[in-house]
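Could you have a look at this structure, given as structure tokens, before my questions?
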Amino acid sequence: MTCRVCGAENGEPHFGGISCKACAAFFRRFVLSRKLKIVCTCKEKNHKSYPCRQCRMLKCMAIGMTRIKVQPMREKNVIKVPTPKFMSTLSLLSCNIIPRSCFNITKTVESWPEIDKKRKDLYGENTYELNFSELSNLAKTDTNLLWNLGEMIFPEVKILNADEKEAIICNFFPRWIIMECAIDYSTNYDYHSQLLKGDGLDRMLVKFYGSSMPDEKRMSDEDILKTFKQYWIHLYLVICEPFFQKKYDKVECIALFLLILFDDAYTNISEKSAQLCRNLRKVVLRELKGYHTDNDFTEMRFLNVISTLTSLERGEQDLQEEVLICGLNNVSLHEDFKAIVQMKKL
């Protein structure tokens, strides 16, 4: 067959018309080109020259070649990382041999798989599919699960009254949210890196916030990104990435969990209860120090763990601001969640 565009031999069916391979390749390149406009240049050329790109394209279309039959370009050498279904937890982290002197940390490590199971039952099989509103609805129950673990490890805290317990939980949970994001970032690093490189983060944020707003009051996609993306970029780059670089193991993360759970920086608990929290933190720090010493970790590693507490506090401040902005932009969040995040502290 003859190419119906240029008259060359060896014409074959391409994109709905009969053309040679050269004209088919031209048509495909033209369709996939990012140039929005071309003009005829035949008058500027020698009369013996081939037709210009515009005229050649019109010939292609005249013989029946259509754009929709051209396969879109595919990215080369891109390995797609599947979206995790459930946020990674402490159970997935490794650790060295824990000395017997670390009794409370060991007990927490051993109890964590059961907590994971209960939290998975609470959040469902695919945490990544939940929007902000749905996550906020589950926060109160989640705090109780984590507090019950703390009570099991340190039964002494049962002497706290209901208001003091509530104050401690409200101080703890926002920092725990930030820390859990950092753990998930560390254990699913390839997935989160891919989110940041492409438009994955934008798509995730539009769904996360947009589906948490009433339809009639929903912000535009552009406004959602303009308002909320800055918080996630800060979380990834300032908190999660340094956390990942420090390569904390399971014992160190358990220690951080207990340290933020029994923080004594409150104005609304008694001095006796604050002293109890300080004593429990001393126990955790002593056991962490013993773990580091037994495994020949440097003094700097111990200091790095402690400094992470300050990083989590900064993340908590960003979360408080974000929740306030959510209220101004019709993002529906459970009242219990807002009360936990926005409780006034020292």
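Any read-out appearing in this document is the output of simple, stated calculations on the displayed coordinates, not a laboratory observation. Since the model is a prediction, treat every value here as computed from it, not as a measurement. Positions of Cβ are generated from backbone atoms using ideal geometry, with glycine treated the same way; all protein chains shown enter the neighbour counts.
Filter the range 194-207 for residues that are more than 21 Å from residue 223 (Cβ to Cβ), without any contact (Cβ under 8 Å) to a residue 40 or more places away in the chain and surrounded by 14 or more Cβ atoms within 10 Å (Cβ to Cβ) and give the result.
Passing the criteria: none in range.
For the range 271-283, check the following and say yes or no: at least one residue is of a type outside the set (S, T, N, Q) and within 30 Å of the chain's Cα centre (by Cα).
Yes - at least one qualifying residue is present in the range 271-283.
Name the residues in the range 136-160 that are more than 25 Å from residue 255 (Cβ to Cβ) and in contact (Cβ under 8 Å) with a residue 40 or more places away in the chain, would you?
136, 137, 140
In addition: Considering the range 208-220 alone, what residues qualify as being in a helix (DSSP H, G or I) and loosely packed, with under 15 Cβ neighbours inside 10 Å?
Within the range 208-220, 215, 216, 217 meet the criteria.
In the range 128-137, what residues are surrounded by fewer than 18 Cβ atoms within 10 Å (Cβ to Cβ) and part of a helix (DSSP H, G or I)?
128, 129, 134, 137
Residue check: is residue 179 over 30 Å from residue 269 (Cβ atoms) and either within 10 Å of the chain's Cα centre (by Cα) or in a helix (DSSP H, G or I) (or both)?
Spelling it out, it is not the case that residue 179 is over 30 Å from residue 269 (Cβ atoms) and either within 10 Å of the chain's Cα centre (by Cα) or in a helix (DSSP H, G or I) (or both).
On to the next question. Filter the helices (runs of 4 or more DSSP H) completely within the range 256-346 down to those with at least 3 residues that are of a type outside the set (Lys, Arg) and under 22 Å from residue 152 (Cα atoms).
271-294
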